[in-house]
Each structure stands twice: as C-alpha cells, then as structure tokens.
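Let me begin by presenting the structure, written as structure tokens, before commenting on it.
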Amino acid sequence: MPLVAKESRCSSSSVPPPPAVSNSNWVRSGSGWEKFIALRENLNRHIKRLARDRLSNINNRNQEVESSQDQNKENESNRKKKSIDHHSCYIFLPRGGAKKTGFYFTIGEVLNRLDFSGAVHDHRRFNYVCRILEIITESWLFALSGLAQKNFFFILEESVTVVSETKLYVNRVKKILQDISKNLLKNPHFHVGSPKTWNKWLDLVKDWLQQLNTIDYTPTEIRVDSLQLMDLPPDCLNRIMSSLANAKDIVNFGLTCKYIHEISEYTLRWEKLCRFHFTQQQITSISPKFLDSDNKVNWKGVYSRLCHRHGNRELYNNVLNLCNHCNCIYWTDGGHPCSAEITPEFSTRQFSDVVVTQQNLTPEEFMKLWPTP
C-alpha cells in the first residue's frame, strides 16, 4: 500500500482560524444591516415572544382560572429575564415618497421594526413612547389594522408590566388606558375589526387598570440614626428642586411641609422655568399684568398663565432621529448603518460640501411621517 505524505499546506497548523465577529460589528441580514449582538438578541426575543403567544393560546382554551393565573406568573418571570438592551432598531424611509416609489411602512410595521415594546424597558425612552401612545389613542385607534392593534396593545402590556415593577409613571399610563377605554366604547361602527376583537381589547384594558389600581406603595423602614431629607441644608434642597423641569412636581414637592414650601417659592426658579419653556415674546405679552407694588414680576403667576395658554414643553432623554444622508430613522443611542460609513466610495470621493447631520424628531413630527388614517 503506497504511503501518502501529508502536505504541509494541508496541515492543521497552517489553516488560518475563522475571523472572529465582534459584538459591535455590523452584519447583513435579511432586513438590512444590524449589529451582531442586536441580531442575536432580536432572535432570542422573537423566540420568547412566540413561546408566550403559544402559552397564551393554551390559557384561552383552559377554563380553569387557577391554571391561567399560574401561567401569567410564569409569563411575568420570563419578562424579567428579558434583555433591556434594544439599541439596533432603525428604518430606512424611501426617498421621493410612497407615490413615486410604491413602497411605504404602515404604523403596525413601524411599531414592530423600531421595537417600541422593548423601548419601554428603557427609562430614557419611556416618556417618548408614552407620548406616541397618546397620539395613537387620540387620532389613530379607530383605524388601526389587525397587525397594528396587536403591536399597539402588546406595547401597552409591556408598559403596564414596567410600571407595576418600578411603581413609576403610574398616573400617565393609567390616563392612557382610561382614554383607550373611552375610545373603544365610542363609535363602535367605525372601528376596524369585529366587535369580538374590540371587546377583547376592552377587557384587557380593564384588567390592566385594575392591576394599576392595586399597586401597593409600602414605605421603606427608616432608621432613627439615618440622614433624612429635612436634614439637608437649603442649598442642597434647592439643587434637588432645580432638577425638576415639571412645575407640578415642584408644587407637589412644596406641599410636603412649610420648610420645603418656602424653598419652592424662590422667584429665580420660576423665572428660569418661564424662560426655558416659553419665548421672550410670549413672556413680554404677559409679564406687565403680574407686577406687584414694588414693580417686581410674579414669575410663578406668569408661568401659570403661559402654561395655561400655550402648554408646556416636554423633554425627552432619548428620541428618534432622522439621518439626512441615508434617510434612516433610529434611536439616539442605537446608531444605524449609515451609507456614509459603510460605503467605501464615500471616503474616496471629494465630499467637502456634504455634511451628515441628524434631526431630532418629536413624537408629533414622527407620527406625521406615516400615512394618516
């Protein structure tokens, strides 16, 4: 039998190892470019969501109430294990509009592609998502398609779960659920879908409202020798109160005791709030009516009148952005695979007059990008 020598080029030592894929690298998938770690997390979330849907279908066929409650506990434990890092979510808008390209996104696809159900688990995105839910409730709820309804109420379910666990933003989510309950009962003949489907959503909203009403606020035990809020000097309390941008929070904070009420009445604080939320022209038109005997402006009264007339400006820590170069919508801290970074030709050409910028989208501006019902 002939002896076949092992070639050096086929030796295992000379075969280069496969290139390692970093978690921060962009990889191409069926829906576009995604980060490797986000692609893996999206797959895990999709599998968990399918598992939850299958378990919920089993519970619907089960007539025993006790078994359904046990299954809900298992679903809640699964949600706690869910990852909160939902950063690589974006949508490329077609240039030229839907009439020229023949391609557009519906609101149901947008809610799914931008992962609003995962965004509620990030406290920096929670208020932004809540404002979008309020806009949909006011003007879009009656015309939502079946997919949009499913995604919309799934986001609501995740919001109620977050509120129940953190005990934050309870009143805001409760107000959204109350408005949804009113709109579900109003003009039922103009709703998209069968009455059975809308009654199902109405029962879910009632259950979520009951869940929020039963939240127990148990005060923590305070040690006798521990430092309390009233032990802080006025400068520290003033600094804490200056971080509150909402006037209702400042007023409610001042109602706790007389000492904090005096700090909440500082004139400079209310003047800063007026100049932050309103323009100089709006302030000038109101301030002469709030002069006292010493010709000093009552800035708290000015703020109250301007807020009643023009409304308050809401702030968001994390918003959706629109890239002017590739026309992509993405979260601020998530980034996107911009063609200016991926395309090699972009760096070789002379683009001295091209500047890649981004536009922060308010919830109202974001909703105007999609076809209205």
- line: Screening GLN358, GLN350 for residues that are surrounded by 14 or more Cβ atoms within 10 Å (Cβ to Cβ), over 24 Å from THR279 (Cβ atoms), among the polar types (S, T, N, Q) and at pLDDT below 85 leaves only GLN358
query: Can you name the residue in region 165-191 that is closer than 16 Å to THR214 by Cα and in contact with a helix residue (DSSP H, G or I) (Cβ under 6 Å, 6 or more places away or on another chain) and, of all such residues, is most open to solvent (accessible area, probe 1.4 Å)?
result: TYR169
statement: How many residues of region 290-305 are open to solvent by 80 Å² or more (accessible area, probe 1.4 Å), at negative phi and either in a loop (DSSP other than H, G, I, E, B) or at pLDDT 85 or above (or both)? The answer is 5
query: Name the pairs: first residue in region 160-186 and on the phi > 0 side of the Ramachandran plot, second residue open to solvent by 30 Å² or more (accessible area, probe 1.4 Å) and part of a helix (DSSP H, G or I), Cβ to Cβ under 9 Å, at least 6 apart or on different chains?
result: TYR169/ASN127
- request: Residue by residue through region 239-255, note down the ones that are modelled with pLDDT of 85 or more and either closer than 15 Å to LEU315 by Cβ or open to solvent by 80 Å² or more (accessible area, probe 1.4 Å) (or both).
  value: ARG239, ILE250, ASN252, LEU255
- prompt: Which one of GLN210, GLN178 is among the polar types (S, T, N, Q), within 26 Å of the chain's Cα centre (by Cα), within 23 Å of PHE142 (Cβ to Cβ) and not in a loop (DSSP other than H, G, I, E, B)?
  reply: GLN178
task: Could you please find all residues in region 306-326 being more than 26 Å from the chain's Cα centre (by Cα) and surrounded by fewer than 18 Cβ atoms within 10 Å (Cβ to Cβ)?
output: HIS308, ARG309
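The values are calculated or read from the model by the stated rules, or taken from the named source; none is laboratory data. This one's a predicted model, so the numbers in the text were calculated from it and none came from an experiment. Note that we place each Cβ from the backbone using ideal geometry, even for glycine, and neighbour counts take in every protein chain shown. Surface accessibility is based on the protein's heavy atoms, side chains included, excluding ligands, DNA and RNA. Shrake-Rupley method; radii C 1.70, N 1.55, O 1.52, S 1.80 Å.
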